[in-house]
Amino acid sequence: NSINGTGGNVTSIINVNNKNGTKMDNAYWNGEMMFYGNGNTAFTPLAGSLDVAGHEMTHGVVQNTAGLEYQGQSGAINESMADIFGSLMDRDDWQIGDDITKTTYIPSGALRDLSDPHNGRTSLSQNGYQPKTMSEYYTGTDDNGGVHINSGIVNYAYYLIANTIGKDKAEKIYYRALTTYLTSQSQFIDLRKAVIKSAEDLYGNVSTETFP
Ligand code: ASP
Ligand code: ZN
């Protein structure tokens, strides 16, 4: 029932510039509403992307449900939920930002790819690259401890599930995990447990959906 669960307004501000007047190459959720820039070196106008809009709106849903703290693993789960439901709203592919990303910035033409977090790149120093598994986990302090970096690991785990059981079932499992089991401090292990429990709740405990 809207972003806040009680029929609240869904407000989007477009044509947003940076505070210093330069063109904003970003979109964000500020805790209350969405803001979209017109792009600069990386993007064309960001409001032109359904999955980016879905990503920003999902930040609002996360805030009003699990409230995942925007730091470290809970922050990476927050980012991944935004990508997962953003990609489900623009359902024809596994990419985020494919309608607005300049190939001069990222050759794949997408900001992120849930099915391949490396996104055609070979290292974290290149725009568009994310780690894919825990062997590539980022332990630094940039980006609130890698919330947009380690989300690639969570995105890829979701992809493996959704690609096996289908998006229709995967989205119900993930929505239940987000709204029923996850909390502000949840870590990756908690997400694993929440997804398994949600799959059991919805589809039974020995089902293909629980153990794909
Ligand atoms: N620039 C951020 C991103 O790449 C914006 C956000 O997290 O909402 O997703
Ligand atoms: Zn985000």
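When only the Cβ of Lys, Arg, Asp and Glu is charged (+1, +1, -1, -1), the dipole of segment 67-212 relative to its Cα centre reaches about 260 debye.
Under conditions of 25 °C and 0.890 mPa s, segment 76-212 yields 160 µm² s⁻¹ as its translational diffusion coefficient, taking Rh as the Kirkwood radius over Cα pairs in the Stokes-Einstein equation.
I'd like the antiparallel share, as a percent to the nearest 5, of DSSP beta bridges with both residues in the chain. Intermediate results must be reported in sequence, preceding the final value.
On the way: 7 of 10 bridges.
Restricted to the chain, the bridges split so that about 70 percent are antiparallel.
Label segment 50-89 by shape, choosing from rounded, prolate and oblate, from the square roots a ≥ b ≥ c of the eigenvalues of the Cα gyration tensor; if a/c is under 1.5 it is rounded, and otherwise prolate applies when a/b is larger than b/c, oblate when it is not. Could you put the intermediate results ahead of the total?
On the way: a/c = 2.53, a/b = 1.66, b/c = 1.53.
It is prolate, given that a/c is not under 1.5 and a/b is the larger ratio.
Relative to the dominant Cα principal axis of the chain, helix 188-203 is inclined by about 60°. Scaling the Cα radius of gyration of segment 72-121 by the globular reference 2.2 N^0.38 Å produces a ratio of 1.15. The count of lysine pairs in the chain that are at least 8 places apart or cross chains, and whose C-alpha atoms lie under 23 Å apart, stands at 11.
Ordering Gly37, Asn119, Ile3 by the projection of their Cα atoms onto the charge dipole of the chain, which places +1 on the Cβ of Lys and Arg and -1 on the Cβ of Asp and Glu, puts Ile3 at the extreme positive end. Here the relative contact order of the chain, from alpha carbon pairs under 8 Å that lie six or more residues apart, stands at 16 percent.
Coordinate-derived values only; no laboratory data. Worth saying up front: this structure is predicted, and the values here are computed from it rather than measured. A quick note on method: Cβ atoms are made from the backbone with ideal geometry, for glycine too, and the neighbour counts reach across all protein chains shown.
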